[in-house]
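Input: a single structure, listed below in structure tokens.
The values are calculated or read from the model by the stated rules, or taken from the named source; none is laboratory data. Everything numeric in this text was worked out from a predicted model, so none of it was measured. FYI the Cβ positions are ideal-geometry reconstructions off the backbone, even for glycines, and counts take in every protein chain you see. Just the protein is used for accessible areas: all its heavy atoms, side chains included, with ligands, DNA and RNA removed. Shrake-Rupley method; radii C 1.70, N 1.55, O 1.52, S 1.80 Å.
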Amino acid sequence: MMSNFRLFILCCLISSLSSCNTRLDDALMKAGDNRMELEKVLEHFRHSSDELKYEAAKFLIENMPFHCTYEGPTTETFDSLYLRAAMEPIDNRTLFFNQKSEALDDGQTVLVSDITNVTADYLITMINYACDVWQATGWHEIYDKSIFFEYVLPYRLNNELLSNWHKAISEEYPLLKADYMVSRRGVQIEAEKGICDFCEVKDAIGASQHEAVILHNTQSEVAFSLMSEKETMNCLIVRYAATSYNLIAQLRVNGEIVDTLNLVKTRNRDTFVEKWFNVPFKVNKGMNIVSVSCPSDTLVLDYIQLCSVEDYPHEKLFDFSTSSYHICNKQTHHYITFDTSCGIKENGVELRPLSLEEDKGQSLRLEYQGYPLWKICVDRENSADICLEIKFGAKETLSPMGVVSQGYSMLRPFQYWAIFPIEDSCFRIMNKHTGMYLESKWDSCSRREYLVQNPYSERETQKWRFKRNKKIGRNGNLYPIGSAISEAIKVYDVAHQFDFYTNNGLLSPKGYTLFKAKSGRCVDEANFSIYLCRHLGIPAAEDFAPHWGNRSQGHSWSVIVKPDGKAVVFL
């Protein structure tokens, strides 16, 4: 009896293994002349020390017969339209794209299955990257392996042509995977305040201060003096107007070219746009000269912003979420004090001696907002959710000595703070939006001490002690420390650089093309953030509504997949 039972179990196991092998064998049979390429992939990973890579290869090959793309003389031309449209002013891209795409003859375009088309080198590259980044995450052990296979591993999202989109992301966003905190914006320097050589200042209605600088030729240059109290890294934002295609300028620091600025045409010389440049450059301790020069044609420069780039290793992230704190300035020994009698207070948050009475606006809780950001809120159960913020959209928002105020909590970077541990159990507190640091300031006229923001300084007034007050709950933390959704804040941080416009395209751009163009339809925007998530090992997918109930057309958006398989709407 027992012998028959064992035989039955053995037959089931053989049947199960045969079924699995049958799927792989069927896929290889369908590969035709491409079978040798796929077998190279299997052989490459068969004896890998990382067993996940061989499983990943089998998963992709088994499912390849169900995935395809279009090939033909016009497919590459169609893909290039995304790059050409991205050179147009944003309000002209729809018309440009549709006119050019309608002129293409797709009569010779054919549907091609991946199983007959994917090369060994391409598949090995994509599997290595996906598996390596997944194993390096802090969350892979709490996810089922099937979620990795479905929502991180795939080498494409829709029917686009194959490309190494990981390479494009690394080129366009070199700091995305690194342990750096990059401010959303930075100190703003008006072009007309710089030193102008062979250029002129003109009135400009659309400029931030109604003045801008015109650079006419290769001799034109605008230079800015920048004092830094330490060697640091910065990224550049430029606000400009130009009416020429393929406009190229150069960014110099202390006479050395550190970046080439490829600028897109704007509607006219009075219509200004912002462009982010994500390649960091070094600024020395002491005085530096930062300049924009050598335009290939006329450039109208409104301002530059210098975003802060700060090293912040994950292991240095301190968990403030389980206690309330009193936050004390190291030099003055006074404490951040909220005015709990009012909600919004735009004229500044004061620092005062520690009150012996309880609940005087000095007990603060910190709410985690994703790596490595916190909100600093007053810890009162029976009051509105009030937190520290930089006044948004005002002239002083990106200026040193800007007043730090208190406002109602919302999901915005000007309320987010990075808290850096330093020596002597102290911390520095940097605003995510501005890249400037929280500092104590004494006003001799009003005889009060209040909070301001300033660029990095060695002054003791920029150093803070966190004194634990009492243990509290985690307040329903939306972004658990070390989770995939916490790391996805990095994606949110750069995805705003995507420009949306509609077009009649039926084929999505290559992933590589998408990150060079940074513009397209809603489905392209969803793909943009999904690719970025998967590049970081974050499970992500597209969700969509094919048609709205009260109007025509639909919409696509990205979601992050949690360990339980449920999706969280993202971006």
Query raised in the report: How many residues are farther than 30 Å from Ser113 by Cα, touching a residue at least 60 places away in the same chain (Cβ under 8 Å) and either touching a His at 6+ places or on another chain (Cβ under 6 Å) or open to solvent by 60 Å² or more (accessible area, probe 1.4 Å) (or both) when one looks only at the range 137-173?
Result: 2
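Residue by residue, here is whether (1) under 30 Å from Asp91 (Cα atoms); (2) without any contact (Cβ under 8 Å) to a residue 24 or more places away in the chain; (3) touching a Cys at 6+ places or on another chain (Cβ under 8 Å); (4) not aromatic (Phe, Trp, Tyr) holds:
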| residue | (1), (2), (3), (4) |
| --- | --- |
| Tyr245 | yes, no, no, no |
| Thr271 | yes, no, no, yes |
| Pro295 | yes, no, no, yes |
| Pro313 | no, no, no, yes |
| Tyr325 | no, no, no, no |
Report summary line: Of the residues in the range 57-102, those that are within 23 Å of Ala242 (Cα to Cα) and among the β-branched types (Val, Ile, Thr) number 2
Report task. Return a yes/no flag: does the range 215-225 have any residue that is within 25 Å of Pro413 (Cα to Cα), surrounded by 14 or more Cβ atoms within 10 Å (Cβ to Cβ) and in contact (Cβ under 8 Å) with a residue 60 or more places away in the chain. Result -> no
Report task. Would you mind telling me which numbered condition in (1) open to solvent by less than 10 Å² (accessible area, probe 1.4 Å); (2) over 21 Å from Glu346 (Cα atoms) Gln453 fails? Result -> (2)
Query raised in the report: If only one of Ser446, Ser483 is modelled with pLDDT under 95, farther than 16 Å from Leu373 by Cα, of a type in the set (Gly, Ala, Ser) and out of contact with any Ser or Thr (no Cβ under 9 Å at 6 or more places or on another chain), which one is it?
Result: Ser446
Report summary line: Counting only residues in the range 153-174 that are aromatic (Phe, Trp, Tyr) and in a loop (DSSP other than H, G, I, E, B), the one farthest from the chain's Cα centre (by Cα) is identified as Tyr155
**Report entry** Of the criteria (1) within 18 Å of Arg156 (Cβ to Cβ); (2) open to solvent by less than 50 Å² (accessible area, probe 1.4 Å); (3) without any contact (Cβ under 8 Å) to a residue 60 or more places away in the chain; (4) hydroxyl-bearing (Ser, Thr, Tyr), which one Thr75 fails
**Finding:** (3)
Requested in this report: Kindly indicate whether any position in the range 340-356 is free of Cβ contacts under 8 Å to residues at least 24 places away in the same chain and within 30 Å of the chain's Cα centre (by Cα).
Outcome: no
Query raised in the report: For the subset of the range 383-439 comprising residues that are among the hydroxyl-bearing types (Ser, Thr, Tyr), in a strand (DSSP E or B) and open to solvent by less than 10 Å² (accessible area, probe 1.4 Å), which member is modelled with the highest pLDDT?
Result: Tyr437
Query - Qualifying residues in the range 297-320 (those that are open to solvent by less than 10 Å² (accessible area, probe 1.4 Å) and modelled with pLDDT under 95) - the one nearest to Phe420 (Cα to Cα) - result: Tyr312
**Report entry** Residues that are in contact (Cβ under 8 Å) with a residue 60 or more places away in the chain and assigned to a loop (DSSP other than H, G, I, E, B), drawn from the range 440-455
**Finding:** Pro455
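Those residues that are charged (D, E, K, R) and out of contact with any Cys (no Cβ under 8 Å at 6 or more places or on another chain), I need them from the range 216-243; list them, please.
Within the range 216-243, Glu229, Lys230, Glu231, Arg239 qualify.
Within the range 95-117, track down each residue that is over 30 Å from Leu38 (Cα atoms) and without any contact (Cβ under 8 Å) to a residue 60 or more places away in the chain.
Answer for the range 95-117, where residues must be over 30 Å from Leu38 (Cα atoms) and without any contact (Cβ under 8 Å) to a residue 60 or more places away in the chain: Leu95, Phe96, Gln99, Lys100, Ala103, Leu104, Asp105, Gly107.
Is it the case that Thr271 is open to solvent by less than 60 Å² (accessible area, probe 1.4 Å) and in contact with a Gly (Cβ under 9 Å, 6 or more places away or on another chain)?
Taking the combined requirement at face value, the residue satisfies it.
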Query raised in the report: Checking Glu200 against (1) of a type in the set (Asp, Glu); (2) touching a residue at least 24 places away in the same chain (Cβ under 8 Å); (3) in contact with a strand residue (DSSP E or B) (Cβ under 6 Å, 6 or more places away or on another chain); (4) open to solvent by 40 Å² or more (accessible area, probe 1.4 Å), which single condition isn't satisfied?
Result: (2)
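When the residues of the range 118-144 are narrowed to those that are part of a loop (DSSP other than H, G, I, E, B) and at pLDDT 95 or above, which ends up nearest to Phe66 (Cα to Cα)?
Restricting to residues being part of a loop (DSSP other than H, G, I, E, B) and at pLDDT 95 or above, the top hit is Val118.
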Requested in this report: Would you please name the residue that is least open to solvent (accessible area, probe 1.4 Å), looking only at residues in the range 251-268 that are assigned to a strand (DSSP E or B) and among the β-branched types (Val, Ile, Thr)?
Outcome: Val253
Report summary line: Expected single match for closer than 26 Å to Thr513 by Cα and assigned to a helix (DSSP H, G or I) among Phe78, Phe59, Phe45 is Phe78
